[in-house]
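Trainee: Encoded as structure tokens, here's the structure I'll be asking about.
What follows is calculated from the coordinates using simple rules that are stated; it is not laboratory data. These figures come from a predicted structure and were not determined experimentally. Neighbour counts are summed over all protein chains in view; Cβ atoms, including those assigned to glycine, are modelled from backbone coordinates with ideal geometry.
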Amino acid sequence: MKYLAFATGLFAATTAVAETPVLTIYTYDSFVSDWGPGPAVEKAFEEVCDCDLQFVGAGDGAALLGRLKLEGARTEADVVLGLDTNLTAAAAATGLFAQSPVSAEYALPVAWNDPLFVPYDWGYFAFVQNADLENAPADFKALADSDLKIVIQDPRSSTPGLGLLMWVKAAYGDEAPAIWAGLSDNIVTVTKGWSEAYGLFLEGEADMVLSYTTSPAYHLIAEEDASKTAAPFTEGHYLQIEVAGKIAGTDQPELADQFLQFMVTDAFQSVIPTTNWMYPAVTPETGLPEGFETLIQPEKALMVPPADADTIRDAALAEWLEALTQ
Amino acid sequence: MIRSGPGYAAAGFVLLFIFGPLIMVFVKAGGGVLPGPGDWAAIRFSITQATLSALFSTVLAIPVARALARRQFRGRGVLITLLGAPFILPVIVAVLGLLAVFGRSGALNSLLIWIGVPPVQIYGLHGVVLAHVFFNLPLATRILLQAWQQIPAERFRLAASLNLSAGQIARQLEFPMLRAAAPGAFVVIFALCLSSFTVALTLGGGPKATTVELAIYQAFRFDFDLGRAAMLAVIQTLLVGIVALFALKYSHGEGFGAGLDRVVTRWDAQSTLLRLNDALILIFAALFLLLPLTMVVINGIAGWSRMPAQVYSALWVSVTIALLSTALTLALALPLALTALRRGWIEVIGLFGIVSSPLVLGTGLFLIVHPFADPARLAFAVTGLVNALMALPFTLRVLIPSLRASEQNYGRLADSLGLTGWTRLRLLLLPRARRALGFAAGLTAAMSMGDLGVITLFADPSHATLPLQMYRLMGAFRMEAAAGAGLVLLMSSLGLFWILDKGGRGDVDA
């Protein structure tokens, strides 16, 4: 009898679950972590969607795209959240993504007219330093001429690392190899990911670390520590825009559309600044959190057109390897 | 005798689990792609750093193991356990600890600047080797120490009654023992270092320190070239296979015969000079291994109060996986080790686990599993199994010599008594392998605790392991809290190791 009761319970439970539609979103790991935007976003969306939102974490942005390519059309994902403008062309080429239903008043430094992907946050790459650093460089050439030490991430394993590669390429074009050659004696080391690099910087292994202009906001807001700043570079700063897209083969097309619409509303956007430590793609009605006004405002936003990202990336990586393995 | 069937079954399982996914990746890629020039540079660098790391770790471990083998002092057991700690730390925790001592603004350079000597630069090939020695010196020491302890006390008594000097004992007893044991330690460490990625890149100071695993990353993430990634994984596996076969060929020893398991007394090593020598060696080794650990502890205590509750739930996930891995490893290692007594080459199969690229292995497993099941649901099982395979080489390296000694010394007696199969295992082999089993179980559990669960394709976001949770804290700027979690990890890994290892050393003073 016990078993029968158990079996009935199980059956009841599965039908109960089946009645609630499930929206599966693939994203990067730091989004779903307890300190990322995931938990708050899930709660806010489930309040309005009458559904069960399930996040699946997969490494970082590039790993996310890799997983999608492995799964192909069989993917369980309804929405993929966490690709960036360096990956959107390759993602679009998989043919897995559907047209986006969203139009919004974006607060992006560039016009947005990608038909597939919806941006949810953005930021500028920058070198972060201690505010009291003397002779902080104003551009890459000054940095290369200085004896300041920097720690960066490997473009082959890290999103910011790739961002720096594109930054130098976008700013200097054919001169990029010379810039890297000049920087080679400033680079203390190259790490696998952002966490290692930032950890080394905080341990005092380097004067500057490659991160985002928004990183000092974490120290200021969460730790009331104003000792970190980002260095404004006159060449301009490379822009990273993070996006989400709907999978064309989804079995929950309405829910997926609803989520993408929800993504550009205040309920989602107001979570971003102090969890993902990026700028929201649509500025919430309440504005940015106090402290964000202290961040540097780059005069120029650099970005290679997403369609060219792949070719430029391959050339830039070859130059980078060449310059740093001399 | 013990039948070989279970050993072959275990070997088949390991091969299937490692090469099945690899073949799957080749199938998906539609064939292999030959590595490019950059990949060959990565292969060369991997071999260079792994050879140097394994060589230094093994050679430096000899005096340390000898000092530990011939000295009895208070706290010796604790010291042996603590010296093992670097081996089980998650890479990033250990790297930060090392840099706190040897880094640009580390303790060593502060001292050098204070006494007016120019600071030293840790980043480069020497830094990679230093870090790998830091990780693996403890392992080499334990493997050699175990070999030392297999020389029966009676041999040293005989040597003493013949009035042999320490140097003569080294020639007659210790050198033959080392010839049998050191190549095995070398191979295991070579295999470990060959697939190093984070340590090699971070301490290598840049893309010059590109290893095969990083080349695999590039092929996979950057070019989505699965054929090249899988090809590199095959090359890595072949390299270890070749080195292992060579080492095994040269590592046969004669054995020292049986003893009465008395405590070893070393009359030869009582001179003041030798005492001083051993004391200095132990002090240097302890400083080298324990200073970075002390930094981990100091930072951990500072971050302790900022640790969120999630750290503790992650701790239980990790402990569960660690115990699962330990059980699995022993279940695979014991039959493999028993078969290896007659078929030495079978140990090489055990080594493949450590060199199979986690990225390629994970991708292949994912391709196998995905059509049938949600990979996240298998996160526990897959993580446990992969950790078990990773630990297999050490477990075998520790178990085989111990079982071989029992068979050499008591095998004929057991034969004449008609002890076979399970009875022989229960009455002779297992009791005599107790120390090795305890140590191997402790190592596996501790290693599994520290593993990041590299296979992100099987990640289950709601059941993060402790290292993953620590990494997430770092990724969310919470470096102090992450340091606290690192300390929890260090203590729990050491605790597990100590309990299991102690279980095996119950008879140490009998």
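Trainee: In square nanometres, what is one fourth of the surface area of the convex hull spanned by the alpha carbons of the protein assembly as shown?
Mentor: On the way: hull surface 152.2 nm².
One quarter of the hull surface, i.e. the mean projection, equals 38.1 nm².
Trainee: Quick one: what do you get for the range A:120-216 if you divide its Cα Rg by 2.2 N^0.38 Å? Could the numbers behind the result be given before it?
Mentor: Numbers: Rg = 12.6 Å, N = 97, 2.2 N^0.38 = 12.5 Å.
This ratio for the range A:120-216 stands at 1.01.
Trainee: May I ask for the net charge around B:V187, where only other residues with Cβ less than 13 Å from the Cβ of B:V187 are counted and Lys, Arg are +1 while Asp, Glu are -1?
Mentor: Values: positive: B:K249, B:R397; negative: B:E347.
Here the charged neighbours net out to +1.
Trainee: Just name one of B:S325, B:I346, B:A230: the one whose Cα is farthest towards the positive end of the charge dipole of the protein assembly as shown (beta-carbon charges, Lys/Arg +1, Asp/Glu -1).
Mentor: My answer, from the dipole projection, is B:I346.
Trainee: Let me ask something else. For chain B, what does the alpha-carbon gyration tensor say about shape, rounded, prolate or oblate, given a ≥ b ≥ c as the root eigenvalues, a/c under 1.5 as rounded, and a/b over b/c as prolate?
Mentor: Working: a/c = 1.59, a/b = 1.20, b/c = 1.33.
Oblate, because a/c is 1.5 or more while a/b does not exceed b/c.
Trainee: Let me ask something additional. What is the mean number of Cβ atoms from other protein chains located within 10 Å of the Cβ atom of each residue in peptide A:275-287, rounded to a whole number?
Mentor: Details: counts 1, 1, 2, 0, 0, 0, 0, 0, 0, 0, 0, 0, 0.
What the average comes to for A:275-287 is 0.
Trainee: Can you work out ³J(HN,Hα) from phi for every residue in the range B:178-191, in order, using Karplus 6.51 cos²θ - 1.76 cosθ + 1.60 and θ = phi - 60°, giving whole Hz and x for Gly and Pro?
Mentor: 5, 4, 7, 9, 5, x, x, 4, 4, 5, 4, 6, 4, 4
Trainee: A further question follows. If I model a spin label at A:E224 and A:A315 as a point 7 Å from the Cα along the Cα→Cβ vector, what separation in nanometres do I get?
Mentor: Calculated label separation equals 5.2 nm.
Trainee: Within 10 Å of each Cβ in peptide B:364-371, how many partner chain Cβ atoms are there on average? Round it to a whole number, please. Mind showing how you got there, number by number?
Mentor: Numbers: counts 0, 0, 3, 2, 0, 0, 7, 2.
Mean inter-chain Cβ contacts per residue within 10 Å come to 2.
Trainee: Where the only charges are on Cβ atoms (+1 Lys, Arg; -1 Asp, Glu), what is the dipole of chain A about its Cα centre, to the nearest 20 debye? Working shown, then result.
Mentor: Values: 14 positive and 47 negative charges, 169 e Å.
The calculation lands at about 820 debye.
Trainee: Under 5 Å between amide hydrogens, which residues at least 5 positions from B:G124 or on another chain qualify, with H placed 1.01 Å from N in the peptide plane?
Mentor: Long-range HN contacts for B:G124: B:G204, B:G205.
Trainee: A further question on this structure: Dipole magnitude of chain B about its Cα centre, charges +1 at Lys/Arg Cβ and -1 at Asp/Glu Cβ only, in debye to the nearest 20?
Mentor: With Lys and Arg at +1 and Asp and Glu at -1, about 960 debye.
Trainee: Which values of log₁₀ I(q)/I(0), to two decimal places, follow from the Debye formula for the range B:86-150 at q = 0.13, 0.25 Å⁻¹ with a uniform point scatterer at every Cα?
Mentor: Reported log10 I(q)/I(0), two decimals: -0.46, -1.02.
Trainee: I would also like to ask the following. Reported to two decimal places, what Rg/Rh ratio describes the range B:238-395 when computed on Cα atoms with Rh from the Kirkwood expression? Let's see the in-between values first.
Mentor: Numbers: Rg = 22.4 Å, Rh = 20.7 Å.
With Rg and the Kirkwood Rh in hand, the quotient comes to 1.08.
Trainee: Still on this structure, please answer the following. Pull up all non-local amide H partners of A:Y120: gap of 5 or more, or a different chain, and H-to-H distance under 5 Å with H placed in the peptide plane.
Mentor: Those lying under 5 Å, H to H, from A:Y120 are A:E242, A:V243, A:A244.
Trainee: Can I ask one more? Around B:L98, under 15 Å between beta carbons, what's the net of Lys plus Arg minus Asp minus Glu among the other residues?
Mentor: Residues near B:L98 contribute -2 overall.
Trainee: Can I ask one more? Decide, for chain A, between rounded, prolate and oblate: order the square roots of the alpha carbon gyration tensor eigenvalues as a ≥ b ≥ c, take rounded if a/c falls under 1.5, and otherwise choose prolate if a/b is larger than b/c, else oblate.
Mentor: Details: a/c = 2.01, a/b = 1.78, b/c = 1.13.
Prolate.
Trainee: Another question about this same structure. Would you please put A:175-182, A:201-208 in order of how densely packed they are, using the mean number of other Cβ atoms within 10 angstrom per residue and starting with the highest?
Mentor: Values: A:175-182: 17.8, A:201-208: 22.1.
Highest to lowest by the protection proxy: A:201-208, A:175-182.
Trainee: Continuing with this model, one more query. For chain A, what does the helix formula give at 222 nm: sum of -39500 (n - 2.57) over DSSP H segments with n ≥ 4, over the residue count, nearest 500 deg cm²/dmol?
Mentor: On the way: 13 runs with 128 residues, N = 326.
One gets -11500 deg cm²/dmol as the mean residue ellipticity at 222 nm.
Trainee: Taking N as the number of residues in the range A:172-232, what value does Rg over Cα atoms divided by 2.2 N^0.38 Å take?
Mentor: Details: Rg = 13.8 Å, N = 61, 2.2 N^0.38 = 10.5 Å.
My calculation over the Cα atoms of the range A:172-232 gives 1.31.
Trainee: I'd like the distance between the alpha-carbon centres of the range A:181-204 and the range A:263-289, rounded to an integer number of Å.
Mentor: What the calculation gives is 30 Å, centre to centre.
Trainee: Cβ under 14 Å from A:Q326's Cβ, A:Q326 left aside: what net charge do those residues give with Lys, Arg +1 and Asp, Glu -1?
Mentor: Numbers: positive: B:K208; negative: A:D185, A:E319, A:E322.
Charge balance in the 14 Å sphere: -2.
Trainee: What does the highest-first list of B:471-483, B:439-451 look like by mean Cβ count within 10 Å?
Mentor: On the way: B:471-483: 23.5, B:439-451: 27.5.
Result, highest mean Cβ count within 10 Å first: B:439-451, B:471-483.
Trainee: Using the per-residue mean of other Cβ atoms lying within 10 Å as a proxy for protection, in what order, highest first, do the peptides B:270-277, B:315-322, B:192-199 fall?
Mentor: On the way: B:270-277: 12.0, B:315-322: 21.1, B:192-199: 24.9.
Ranked from most to least packed, the peptides come out as B:192-199, B:315-322, B:270-277.
Trainee: Work from the charge dipole of the range B:1-89 (Cβ charges, +1 for Lys and Arg, -1 for Asp and Glu, about the Cα centre) and give the residue of B:A85, B:T51, B:V27 farthest towards its positive end.
Mentor: Result: B:A85, furthest along the dipole toward the positive end.
Trainee: Hey, another quick one. What relative contact order, as a whole-number percentage, does the range A:153-294 give when Cα pairs under 8 Å and 6 or more residues apart are counted?
Mentor: Details: 121 pairs, mean separation 27.1, N = 142.
Normalised by residue count, the contact order of the range A:153-294 is 19 percent.
Trainee: Rounded, prolate or oblate: pick one for the range A:36-111, where a ≥ b ≥ c are the square roots of the eigenvalues of its C-alpha gyration tensor, a/c under 1.5 means rounded, and failing that, prolate if a/b is larger than b/c, else oblate. Please list the in-between numbers first.
Mentor: Numbers: a/c = 1.62, a/b = 1.14, b/c = 1.41.
Oblate shape, in that a/c is at least 1.5 and b/c is the bigger or equal ratio.
Trainee: Short version: ³J(HN,Hα) in whole Hz for each residue of the range B:337-343, in order, from phi by Karplus 6.51 cos²θ - 1.76 cosθ + 1.60 (θ = phi - 60°), x for Gly and Pro, what are they?
Mentor: Once θ is set to phi - 60°, the couplings for the range B:337-343 become 5, 5, 6, 5, 4, 9, 10 Hz.
Trainee: So what are the three principal axis dimensions of the range B:1-61 from its Cα atoms, in whole Å, longest to shortest?
Mentor: Between the extreme Cα coordinates on each principal axis of the range B:1-61 lie 45, 44, 11 Å.
Trainee: With θ set to phi - 60° and the Karplus curve 6.51 cos²θ - 1.76 cosθ + 1.60, what are the ³J(HN,Hα) couplings of the range B:392-401 in order, to the nearest whole Hz, using x for Gly and Pro?
Mentor: 4, x, 5, 4, 5, 4, 7, 6, 4, x
Trainee: Right, next: Residue by residue through A:196-204, how many Cβ atoms from other chains fall within 10 Å of the Cβ on average? Numbers along the way, then the final one.
Mentor: Numbers: counts 9, 1, 4, 10, 6, 1, 5, 11, 6.
Mean inter-chain Cβ contacts per residue within 10 Å come to 6.
Trainee: For a 18 Å ceiling on Cα separation, which of these pairs sit above it: A:K69/A:K169; A:K141/A:K228; A:K169/A:K300; A:K69/A:K246; A:K169/A:K192; A:K149/A:K228? Kindly include the intermediate steps, with their values, before the conclusion.
Mentor: On the way: A:K69/A:K169 27 Å; A:K141/A:K228 22 Å; A:K169/A:K300 15 Å; A:K69/A:K246 15 Å; A:K169/A:K192 21 Å; A:K149/A:K228 16 Å.
Listed pairs above 18 Å: A:K69/A:K169; A:K141/A:K228; A:K169/A:K192.
Trainee: Just name one of A:A73, A:L164, A:A217: the one whose Cα is farthest towards the positive end of the charge dipole of chain A (beta-carbon charges, Lys/Arg +1, Asp/Glu -1).
Mentor: A:A73
Trainee: Roughly speaking, what is the centre-to-centre gap between the range B:52-77 and the range B:459-502 when only Cα atoms are used, to the nearest Å?
Mentor: The range B:52-77 and the range B:459-502 have Cα centres separated by 28 Å.
Trainee: Sorting A:K192, B:K249 on the 10 Å Cβ count, fewest up front, what's the list? Mind showing how you got there, number by number?
Mentor: Values: A:K192 23, B:K249 11.
Sorted ascending by nearby Cβ count, the order is B:K249, A:K192.
Trainee: Let me ask something additional. Give the list, by residue number, of cysteines in the protein assembly as shown with no other Cys Cβ closer than 4.7 Å, or say none.
Mentor: B:C193 - these cysteines have no disulfide-compatible partner (Cβ-Cβ under 4.7 Å) in the protein assembly as shown.
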